[in-house]
Every structure is written in structure tokens, then in C-alpha cells.
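Worksheet for the structure shown next.
Laboratory data are not the source of any read-out in this text; all were calculated from the coordinates shown. Predicted model only: the values in this text are computed from it and were never measured. Glycine also receives a Cβ, built like all others from the backbone with ideal geometry; neighbour counts cover every protein chain displayed.
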Amino acid sequence: MRAVCLLSGTGTNLQVILENIATGNIPISLNAVISDNPMAKGIEKADTSGITTKVIDYKLYDEQSIYHEQLKQSVLIENPDLIILAGYMRILSDDFCETFRGKIINIHPSLLPAYKGLNTHHRVLEAKETHHGTSVHFVIPELDGGPIVIQYRIKIHSSDTADTLKKRVQEGEYQIYSKALKWFALDQLEMKNDKVMFHGDHLDKPILIEEN
């Protein structure tokens, strides 16, 4: 199975994915890593692993529609079966989402559908929530609105800060993203009619894993 990864930052999730590919736990071929950020550390990780990389710096485009078209064409060249978003901070165009519908998977640091968008760790603390977590979902044009596959949930402690929550949530990300990507690669997971299908059956609610 051919895959492309889009990222904007340090590539911590990418590193875990690469390790799982190397051990055969995620049976995919990662053919390219594409970033919108020329300073992204994730590009260095991909280069070190011998993976084709490309930077499409969104700041160089006066019209975002041109940027999105360039991104789409760069991905189409790779003919991917799967597009992995690993800390990609740009909102994908509707056209991109429709072109690759059912092939794009993202991980978001909240218990969706709550806290879509940015700064989730700060926002859950401000709202005095009792739980927080992360969600793997298929991508549709609605921001962070695609059907959810699996979630990792943690209890928020009175001593938690945004930084401690980020660290604990990331530990969960590494676990559940690898699971979801493996299921997809083994044809056990798909999106059909905007619903999650798992082992051929409609998944009524996301799979939930609790922090130990």
C-alpha cells in the first residue's frame, strides 16, 4: 500500500510511524513526505530514512488556491492509497478532501467532536474539563469533522498544565495512530458513506482506549 505523509512540524508522530513500518507493524510503503514548512524537523527525519521529501511553502503563494492545487498535484503524482496527516497545520481545501475522499486520516488532540481546531490543551483547562484525549478520524471538508475511528482518553489532574497534557496526550497518539493505520493497511478499516466501517461492519461509536 502506497502512502504519503503531510506534516508541518517536528514529526514526532512520523517517527513512530516510521518505526512501525520498519518492524512490519504498519504494512505500508511511505513514498513521500510533504511539508508546507521549510523548517519542519519532520522533513529531516524523512530524509534520514531515505524517503522522498518535498516542501511546498505556503508563504510563497499569494493565492491559497494555487498552493492547494500544487499540493494536490504533488500528492497525485505519488498515486497514494493512504494520506497520513501528522501534525499538518494547514486546512485542506474541499477539492483536496474530495479528490482523496476515504484515503485521508488525521489525528487531532481532543476528544472529538469537542474542541475542534487549535490550542486544545489550553482550552480544556480553561473549561475545567475532567477528561481530555486524542482522536483518529477520516478527513472530510468540514474541519476536524470526519468520522472518528479510535480515541485515547485521559483524566485531567488538578496539577496538569497545557504542557503536561500535551505530553500525556502524545503518548496516546503514538498508540492509537499506529493501530488505525495498521487496520487501514490491512483493509480492516474504511470510510463508506461518511461512516467508519471496521471489519466490514459499521462502527457505531469510536473505539475507546483509556490511559493506564
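The modelled label-to-label distance between ASN193 and ALA22, using points 7 Å beyond Cα along the C-beta direction, is 4.3 nm. Would you please classify the overall shape of the chain from the alpha carbon gyration tensor, given that a ≥ b ≥ c denote the square roots of the eigenvalues, rounded means a/c under 1.5, and beyond that prolate means a/b larger than b/c while oblate covers the rest? Note, shape of the chain comes out rounded. Once C-alpha pairs closer than 8 Å and six or more residues apart are averaged by separation and normalised to the residue number of the chain, the relative contact order reads 18 percent.
Relative to the current alpha-carbon distance between GLU126 and SER159, full extension at 0.36 nm per residue lengthens the span by 10.5 nm.
For LYS166 and MET89, the difference between the fully extended length at 0.36 nm per residue and the C-alpha to C-alpha distance is 26.1 nm. To the nearest ten degrees, helix 162-185 and the longest principal axis of the Cα atoms of the chain are 60 degrees apart.
Would you mind checking the pairs LYS45/LYS116; LYS116/LYS167; LYS128/LYS155; LYS116/LYS155; LYS155/LYS205 and listing those with alpha carbons more than 22 angstrom apart?
Among LYS45/LYS116; LYS116/LYS167; LYS128/LYS155; LYS116/LYS155; LYS155/LYS205, the Cα-Cα distance tops 22 Å for LYS45/LYS116.
Using a Förster distance of 25 Å, how high is the FRET efficiency between LEU186 and SER49, based on the Cβ-Cβ distance and rounded to 0.05? That pair, LEU186 with SER49, gives E of 0.65. Kindly give Rg over Rh for region 1-100, based on alpha-carbon atoms, with the Kirkwood expression for the hydrodynamic radius. Radius of gyration over Kirkwood radius for region 1-100 works out to 0.95. In whole Å, what is the distance between the alpha-carbon centres of region 154-212 and region 25-83? Measuring centre to centre over Cα atoms gives 24 Å.
Within region 9-24, what residues put their amide N at less than 19 Å from the label point 7 Å along the Cα-to-Cβ vector of LEU60? In region 9-24, the label zone of LEU60 (backbone N under 19 Å from the point 7 Å along Cα→Cβ) covers 9. For the chain, the longest principal axis of the Cα atoms and the long axis of helix 64-78 meet at an angle of about 80 degrees. Annotation: amide H-H contacts under 5 Å for ILE140 (H modelled 1.01 Å from N, sequence separation of 5 or more, or interchain): GLY145, GLY146.
Taking the longest Cα principal axis of the chain as reference, the axis of helix 12-22 is set at about 70 degrees. When the square roots of the Cα gyration tensor eigenvalues are ordered a ≥ b ≥ c, the ratio a/c for region 1-44 is 1.5 or more and a/b does not exceed b/c, which makes its shape oblate.
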